[in-house]
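To start, the structure itself, in structure tokens.
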Amino acid sequence: MQAEDVAKILTESLEGCEVTVAGEGNHFQLTIVGEIFEGLSSVKRQQTVYACLNSYIADGTIHAITMKTYTPSERQKAS
């Protein structure tokens, strides 16, 4: 799987989110910015993202993910 494939899956699943994916093979680094994360704990944010990728993780297509999730206002503060 390529980074572009992961980005497409997440962009289609997490409407309105800005998705950036790096990596290759089965190891990926994700940065996702969206209002969808407003009011969610970091664990709930991760669960939201993992829910989109669970089938790929279960079959071994994706082995490792690191992620950073932000609301738009959090991203502005982090920049």
Exercise. Restricting to the range 11-44, what's the tally of residues that are under 11 Å from Thr69 (Cβ atoms) and touching a Leu at 6+ places or on another chain (Cβ under 9 Å)?
Worked result: 6
Problem set entry | Count of the range 46-75 residues which are of a type in the set (Lys, Arg) and under 9 Å from the mean Cα position of the chain (by Cα) | 1
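Restricting to the range 18-64, give me the number of residues that are among the small types (Gly, Ala, Ser) and within 15 Å of Arg75 (Cα to Cα).
3
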Exercise. Would the range 52-69 turn up any residue that is modelled with pLDDT of 95 or more, assigned to a strand (DSSP E or B) and under 17 Å from Gly16 (Cα atoms)?
Worked result: yes
Exercise. Which one of Val19, Val49 is of a type in the set (A, V, I, L, M), outside any helix (DSSP H, G or I) and either surrounded by fewer than 13 Cβ atoms within 10 Å (Cβ to Cβ) or without any contact (Cβ under 8 Å) to a residue 40 or more places away in the chain (or both)?
Worked result: Val19
Exercise. Are any residues in the range 52-71 surrounded by fewer than 14 Cβ atoms within 10 Å (Cβ to Cβ) and in contact (Cβ under 8 Å) with a residue 12 or more places away in the chain, and if so, which ones?
Worked result: Gly60, His63, Ala64, Thr66
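The values are calculated or read from the model by the stated rules, or taken from the named source; none is laboratory data. Since the structure is predicted, the reported quantities are computational estimates derived from the model, not experimental observations. Using ideal geometry, Cβ is built from the backbone for each residue, glycine included, and neighbour counts are taken over all protein chains shown.
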